[in-house]
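Participant: Have a look at this one.
The values are calculated or read from the model by the stated rules, or taken from the named source; none is laboratory data. Values in this document were obtained by computation on a predicted structure and should not be read as measured data. Note: ideal-geometry Cβ built from the backbone for every residue, glycine included; neighbour counts use all protein chains shown.
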Amino acid sequence: MLVIEYKTKGNQAQYQAIEEAIKTTQFIRNKCLKYWIDSSREDNINNAAISRYSTVLRADFPFVAALNSMAVQAAAERAWLAISRFYDNCKNKKSGKKGYPRFQHDNRSVEYKTSGWALHPTKRRIRFTDKKGIGEVKLLGTWDIHTYPVKSIKRVRIVRRADGYYVQFCVDVECKETVPFTGQEIGLDMGLEHFYTDSNGHHEPNPRFLRKAEKQVKHCQRKIYKKQKGKNGRKKARNRYARKHLKISRQRTEHAKSRARHVMQSNDLCVYENLQVKNMVRNHHLAKSINDAGWRQFRSYLEYFAQKYGKVALAVEPHYTSQQCPDCGTMVKKSLSTRTHTCKCGCVLQRDYAAAINILQKGKEKIATSGHGGSKVSSKKKSRNARGVGTATLSGVTLTEQVLTMSLESPCMRDRRVSNGIS
Ligand SMILES: [Zn+2]
């Protein structure tokens, strides 16, 4: 599944219509959720029941009827996605909060399936044909959606961002590329000091995009509170602030993507730790740095490229990787501040370097004992990543919202951030 994204250009009335459609989507989702909350257990509300209820909504509310029928279905599916996730968490006895579905107030996207839109046969334009009145908008970008058969486009989404509206096409094509096998294997130790340290002793510097722009971001944030509530000036200030965060998140994405691509191109096997970022961000001193490092994103890109190039990305449990001696296997206890691994056997290594070697070793052992190729692991991990739980504490409105919207996507849209703009 490939996702192609364009920025759109339309007029004010069209943007208004897009807003309408986005609001309607949220309305349908929340109504369906209310329907589920209000029904008794005996009613046994499932996906089909919610889907049926959405047709009732169409009859009751003219503005719902104006939205394409499959888009209404897609909005109802969002409610079911939230409900089923809650059910799953309860069934699997997930520790902590189970994520009881909540009403949404900050939806920023509308999703069409295979109807309600038509591509211009030659130009980069798309026409939305339902009664929301969006009409034809230009698609800005260098991608060519026309090279794919229309039948392979399974979903079309319109997303609002701080700097405008975007149209995403979810194309059902196998995304594979052959790169030569190099015979190289690598273990990665994710850290704060360095973005990662690999088992060859290379330290990848941490870009810290948020830290670098922090002064500007804070400045923009303060400006918001100086403006009067409900006034246009405040809206503008908020937008400026959101754009700053958008820029940082894009830088981070680009960085993670390029690093992950590089790693998977030059190695056949990549092993990394199965870190629970969600638990780690509870440490508030580290929270910002951890989020900024964007490990989770980096990891999902590793998995994406592994799949694309037909290589193996594998996560191992992080226990003792920083304590064990890579040479003789003895445990050498050390605190977080001890940066060097020194063992009685004469092995002296930089701490992260030693950990990376252990991680690679663990990964090889795992493959030797279970004999799997890793692809199963990565697909399982991907669906977990797609929920975007770990980064809910990201500072800044935009990012938090972005993460939230990510979790609302229907399953086939989940690969969005992974495959965006990858040639
Ligand atoms: Zn040793």
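Participant: Strands (runs of 3 or more DSSP E) wholly in region 153-238 with at least 1 residues that are more than 26 Å from Ala17 (Cβ to Cβ) and small (Gly, Ala, Ser) - which ones?
Facilitator: Because the criterion is at least 1 residues that are more than 26 Å from Ala17 (Cβ to Cβ) and small (Gly, Ala, Ser), the strands (runs of 3 or more DSSP E) in region 153-238 that meet it are 185-190.
Participant: With (1) in contact with a Leu (Cβ under 7 Å, 6 or more places away or on another chain); (2) among the polar types (S, T, N, Q); (3) modelled with pLDDT of 80 or more as the list, and Asn358 as the residue in question, which single condition is left unmet?
Facilitator: (1)
Participant: May I ask you to say which residue of His255, His194, His262 is in the same structural domain as Glu317 (by TED's automatic domain parsing), touching an Asp or Glu at 6+ places or on another chain (Cβ under 7 Å) and within 30 Å of Ala313 (Cα to Cα)?
Facilitator: After applying the criteria, what remains is His194.
Participant: I need a count of the residues in region 51-68 that are part of a helix (DSSP H, G or I), crowded, with 17+ Cβ neighbours inside 10 Å and polar (S, T, N, Q).
Facilitator: Qualifying residue count for the region: 1.
Participant: Which one is farthest from the ligand (Cβ to nearest atom) among residues in region 324-362 that are of a type in the set (S, T, N, Q) and in contact with a helix residue (DSSP H, G or I) (Cβ under 7 Å, 6 or more places away or on another chain)?
Facilitator: Here the residue is Thr338.
Participant: Limited to region 33-50, what total is found for residues that are part of a helix (DSSP H, G or I) and more than 23 Å from Val159 (Cα to Cα)?
Facilitator: 12
Participant: OK, next. Starting from region 329-357, take each residue that is over 16 Å from Met190 (Cβ atoms) and list its partners that are more than 14 Å from the ligand (Cβ to nearest atom) and at pLDDT 90 or above, counting only C-beta distances under 7 angstrom and pairs at least six apart or across chains.
Facilitator: Thr340/Gln350
Participant: Counting residues that are surrounded by fewer than 15 Cβ atoms within 10 Å (Cβ to Cβ) and hydroxyl-bearing (Ser, Thr, Tyr), which strands (runs of 3 or more DSSP E) fully inside region 303-371 reach at least 1?
Facilitator: Counting at least 1 such residues, we get 340-342.
For every residue, the table says whether it meets (1) among the basic types (Lys, Arg); (2) over 15 Å from Asp130 (Cβ atoms); (3) part of a loop (DSSP other than H, G, I, E, B); (4) in the same structural domain as Leu139 (by TED's automatic domain parsing).
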position	(1), (2), (3), (4)
Ala75	no, no, no, no
Arg78	yes, yes, no, no
Lys94	yes, yes, yes, no
Lys98	yes, yes, yes, no
